[in-house]
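See below for the structure under consideration.
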Amino acid sequence: MATENPTSSEYIKHHLQNLTFGYHPENGLSIAHGADEASAMGFWAIHLDTMFWSIALGCFFIWLFKKAADSVTAGVPGGLQNFVETIVEFVDTNVNDTFSGKSDVVAPLALTIFVWVFLMNLMDLVPIDFIPRATEEMGIPYMKIVPTTDINATLGMSISVFLLMIYFSIKVKGGGGFLKELTLQPFSSDNFVVQALLVPVNLLLEGISLLAKPVSLGLRLFGNMYAGELIFILIALLPFYAQWALSVPWAIFHILVITLQAFIFMMLTIVYMSMAHEHH
């Protein structure tokens, strides 16, 4: 950190601060040095660390699975092939059990989400000071290496899923069918006048339900991962012997959280895609 002996508050704030790049009213285009400067940059600022690690882990996922595909054999498979085939079969089974429609997109989407989110979550197990200290020596003031602890990343993914939901809903049901789904349920009536009066109520309820899906999807992942990172930071403030006594059990438990959150994000995406393909 910038100071050799930071207080607990300074230590926590430092580790929760993203490497933010944007336009500052006084400094122009620059990297923020502190939360106040990052806040002054406004909505269009970019978290460089989140972008770097999420893209790097996405590229690693593509490289790893491409390597497994290039070395696939019908004979005795290697360890990497076994590992990749296990993940693919696991995702494929969940898609077949949950998705009721027909689409060539859902299974690859589910596989991408599960592996990518898992890799981003897995970065939470890297020692909390290991990379930030190394990058600070290079002149980089902040470095958060867990993209899913950034609400911009999790909401970005959930909004992408939401846009796919809208696209497939209109593609499968048509624009009129999608509009009827929003306005003619859950309350309906054979009386035209009564139904006309129920349309605004249905639209309000279904609209809130529709918009709540991406919000809850993104916030659930962010909240769990942010809380896990915060606990690691608090453990790092303890004496050395206490760090080992607490960090190892928490890291072992956190492996379950990491995997579970990736699985939940994947399953909810499959469910939402299935709902988009259903006719009411």
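Structure notes:
- Residue, modelled with the highest pLDDT, within region 191-218, restricted to residues that are surrounded by 15 or more Cβ atoms within 10 Å (Cβ to Cβ), of a type in the set (A, V, I, L, M) and under 19 Å from the mean Cα position of the chain (by Cα): L217
- Pair list, Cβ under 7 Å, 6 or more apart: region 52-75 residue closer than 30 Å to M143 by Cα, other residue in a loop (DSSP other than H, G, I, E, B): W53/I145
- Check on A251, modelled with pLDDT of 90 or more, within 21 Å of the chain's Cα centre (by Cα), of a type in the set (A, V, I, L, M, F, W, C) and loosely packed, with under 13 Cβ neighbours inside 10 Å: no
- Residue ID - farthest from the chain's Cα centre (by Cα), chosen from residues in region 105-134 that are surrounded by fewer than 17 Cβ atoms within 10 Å (Cβ to Cβ) and within 18 Å of F162 (Cα to Cα): V105
- Top-ranked residue of region 10-49 - restricted to ones that are outside any loop (DSSP other than H, G, I, E, B), within 19 Å of R133 (Cβ to Cβ) and not aliphatic (A, V, I, L, M), ranked as nearest to the chain's Cα centre (by Cα): D49
- For G139, the stated conditions hold: it is modelled with pLDDT under 95, small (G, A, S) and on the phi > 0 side of the Ramachandran plot.
- For region 57-77, filtering for residues that are part of a helix (DSSP H, G or I) and surrounded by 15 or more Cβ atoms within 10 Å (Cβ to Cβ) leaves 6.
- Enumeration of residues in region 257-280 that are hydrophobic (A, V, I, L, M, F, W, C) and over 16 Å from the mean Cα position of the chain (by Cα): V271, M273, M275, A276
- Residue under evaluation V146, criteria (1) surrounded by 17 or more Cβ atoms within 10 Å (Cβ to Cβ); (2) touching a His at 6+ places or on another chain (Cβ under 9 Å); (3) within 28 Å of F240 (Cβ to Cβ), criterion not met: (2)
- Residue in region 189-198 that is in a helix (DSSP H, G or I), touching a residue at least 60 places away in the same chain (Cβ under 8 Å) and either of a type in the set (F, W, Y) or farther than 30 Å from S54 by Cα (or both) present: no
The values are calculated or read from the model by the stated rules, or taken from the named source; none is laboratory data. The structure presented is a predicted model; accordingly, all values stated were derived computationally and were not measured. Cβ atoms come from the backbone with ideal geometry, glycine included; neighbour counts cover every protein chain shown.
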